[in-house]
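Notes follow the structure.
The values are calculated or read from the model by the stated rules, or taken from the named source; none is laboratory data. Note that the structure is predicted; figures quoted are calculated from it, not measured. All Cβ positions, even for glycine, are placed from backbone atoms using ideal geometry, and neighbour counts span all protein chains on display. Accessible surface is based on the protein model in full, side chains and every heavy atom, while ligands, DNA and RNA are left aside. Shrake-Rupley method; radii C 1.70, N 1.55, O 1.52, S 1.80 Å.
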Amino acid sequence: MLIGGGGHALVVAEAARAAGRAIAGVFDDRSDAPAITRLGLPRMGPLRGAPEAGPWVVCVGDLRVRMELLAAMGTGSAAAAVVHPSAVVSPSATLGAGVFVGPRAVVHSFAKVEAHAIVNTGAIVEHDCVIGVGTHVAPGAIVAGSANVGSGCLLGVGCRVLPRVAIGDGCTVGAGAVVVKVLAAGSRVVGVPARAL
């Protein structure tokens, strides 16, 4: 089951189908959500009406809404991880419940991607990194070796996080930014090198 039927749901649904998984339907407030109209999936109820039993995947790209849903639903094992067949995930990497790893994304040796995180199209999570609960690593972003990214973060399209850098919970890193030093929780940064907004 897909929780959310917008654009991110289209990507998750296609990845799940490419991996040979069936999709029962979509929970969304709109009956005209793209996963319903474009993919012909049945609407199973409102966005916040999903059952506790799974398997389900939260397919909401908006980080604030995503984190609200996860707080309400929990991050338990009823969630299914979806890995696109073209993604590369090291056998020593750990993926939590509900994780999405997109097309051509890479999760390297001993990396840990915690529950409900997104490693989107072409993103790279290098060796020994930790990606926190619900964090979104946007398309083309690179998290270099031994970096630690907190929960509820958004790493923008094409950004770079240098090796061994720690990013606190709830941070936003702008598209194309290069993070060269520790970011305190709740930081919002842009630029090269990344600086506070």
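Mind checking the per residue accessible area of segment 5-127 for me, 1.4 Å probe, whole number of Å²?
Values: 5450 Å² over 123 residues.
Using a 1.4 Å probe on heavy atoms only, each residue of segment 5-127 averages 44 Å².
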Open item on the list: Using protein chains only and a probe of 1.4 angstrom, how many square angstrom of His8 are accessible, to the nearest 10?
Closed with: 30 Å²
Task: Amide N of segment 172-195 lying under 19 Å from the label point, which is placed 7 angstrom from the Cα of Leu162 along Cα→Cβ - done: 172-185, 187-195
Open item on the list: Can you list residues from other chains, or at least 5 along the same chain, whose modelled amide H is less than 5 Å from the amide H of Ile167?
Closed with: Asn148, Val149, Gly150, Leu183
Task: Mean separation of Cα contacts under 8 Å (6+ apart) over length of segment 125-177, as relative contact order % - done: 34 percent
Task: Interchain or long-range residues, amide H under 5 Å from Trp56's placed H - done: Ala79, Ala80
- [ ] For segment 113-163, just say rounded, prolate or oblate: build the C-alpha gyration tensor, square-root its eigenvalues into a ≥ b ≥ c, call rounded for a/c under 1.5, and beyond that prolate if a/b exceeds b/c, oblate if not.
- [x] oblate
- [ ] Express the relative contact order of the chain as a whole percentage, based on alpha carbon pairs under 8 Å and six or more residues apart in sequence.
- [x] 11 percent
TODO: Compute the long axis of helix 63-73 from its Cα atoms, compare it with the longest principal axis of the Cα atoms of the chain, and write down the angle in degrees, 0 to 90, nearest 10.
DONE: 60 degrees
TODO: Mind running the shape call on segment 74-172? Use the C-alpha gyration tensor, a ≥ b ≥ c as the square roots of the eigenvalues: rounded below 1.5 for a/c, prolate if a/b tops b/c, oblate otherwise.
DONE: rounded
TODO: Report the percentage of all Cα-Cα pairs in the chain whose separation exceeds 22 Å, rounded to a whole percent.
DONE: 43 percent
Open item on the list: Quick check: from the Cα gyration tensor, does segment 50-103 come out rounded (a/c under 1.5), prolate or oblate?
Closed with: prolate
Task: Hz values of 3J(HN,Hα) by residue in segment 99-111 - Karplus curve (6.51, -1.76, 1.60), Gly and Pro given as x - done: 5, 10, 10, x, x, 6, 6, 10, 10, 8, 3, 6, 6
Open item on the list: Can you compute 3J(HN,Hα) from phi for each residue in segment 5-13, using the Karplus curve 6.51 cos²θ - 1.76 cosθ + 1.60 with θ = phi - 60°, rounded to whole Hz and x for Gly and Pro?
Closed with: x, x, x, 5, 5, 4, 5, 5, 4
TODO: Compare the peptides 27-33, 132-138, 94-100, 106-112 by average per-residue count of other Cβ atoms within 10 angstrom and give them in order, highest first.
DONE: 132-138, 94-100, 106-112, 27-33
- [ ] Taking 7 Å along the Cα-to-C-beta vector as the label spot, tell me the Ala184-Glu68 distance in nanometres, rounded to one decimal.
- [x] 2.7 nm
Open item on the list: If I compute solvent accessible area with a 1.4 Å probe over the protein chains, what percent of it on the chain is carbon and sulfur?
Closed with: 57 percent
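Tell me what the chain gives for mean residue ellipticity at 222 nm when only DSSP H runs of n ≥ 4 count, each as -39,500 (n - 2.57), the sum divided by the residue total, rounded to 500 deg cm²/dmol. Present the calculation step by step, with values, prior to reporting the outcome.
On the way: 3 runs with 27 residues, N = 197.
Mean residue ellipticity, 222 nm, calculated: -4000 deg cm²/dmol.
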